[in-house]
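This report concerns only the one structure given below.
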Amino acid sequence: RTCLRRGTNIVTNPGLSRFAGPLNSSLQASSYNNSLTYKSQRNFFTAKEGTMCFFGTIFFVREQYACLIHRFQKFNRQVKPGLNFKLPFIDTIEYVHDLREQVFEISSQVAVTRDNVALHIDGVLYLKVEDPYKASYGVENLTSAITNLAQTTMRSEIGKLALDKTFEERDKLNERIVSAIDKE
């Protein structure tokens, strides 16, 4: 008794064990020995491979995203939102970046002011990727690099001010931190 289920790879008849794909209506088993003919196997696998190649060439990039395509493990191009094409088995999508503004919370840390007073500071960082190529290849881990840079900049800018000036010059302090991060 043969148990073939359409759309699955389950084959329980040992006579059909060399066939591990779904059984289409166009495939006909030979008379009594339950083996598939060569012609039906060839047509089935050609159609299956052709469908895989066709669907591997077209892909869709959502709005506010950017993808970087590699050809033979080397950067080839950046694709924009919409319908795009790639060569199957040759081109791969390596990086996908969200181009919208993202929010990162800077964890609490201790910073020492110029007059040796310890402050507990934290912050919120708003990040927007403007160049996906630089975001992918300029640094290994973008979020941790930006977070560490923000923490270091906050500590160094607070270290330049006395305690009473930190409260008075809060806006100027924010501008200095943003400009220091933008330089990097």
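Within the stretch 71-117, the set of residues being without any contact (Cβ under 8 Å) to a residue 12 or more places away in the chain and under 30 Å from SER156 (Cα atoms) comprises VAL110, ASN116. For the structure I just gave you, tell me whether LEU83 is of a type in the set (A, V, I, L, M, F, W, C) and either outside the structural domain of GLU63 (by TED's automatic domain parsing) or loosely packed, with under 12 Cβ neighbours inside 10 Å (or both). Yes; evaluated as a whole, the condition is true for this residue. Return a yes/no flag: does the stretch 44-58 have any residue that is modelled with pLDDT under 90, over 30 Å from THR166 (Cβ atoms), assigned to a strand (DSSP E or B) and under 19 Å from the mean Cα position of the chain (by Cα). Yes, the conditions are met somewhere in the stretch 44-58.
In the stretch 160-173, what count of residues is obtained for those that are surrounded by 12 or more Cβ atoms within 10 Å (Cβ to Cβ) and in a helix (DSSP H, G or I)? The number of residues fulfilling the criteria is 5. Taken together, the residues in the stretch 123-149 that are closer than 19 Å to ARG100 by Cβ and in contact with a Leu (Cβ under 9 Å, 6 or more places away or on another chain) amount to 12.
The residue of the stretch 98-137 that is farthest from the chain's Cα centre (by Cα), among those that are aromatic (Phe, Trp, Tyr) and assigned to a strand (DSSP E or B), is TYR126.
Each residue in the stretch 52-80 was checked for being loosely packed, with under 15 Cβ neighbours inside 10 Å and of a type in the set (A, V, I, L, M), and 2 pass.
The values are calculated or read from the model by the stated rules, or taken from the named source; none is laboratory data. Keep in mind that what you see is a predicted model, and the values were worked out from it rather than measured. No Cβ is skipped: glycine too gets one built from the backbone with ideal geometry, and neighbour counts run over all protein chains shown.
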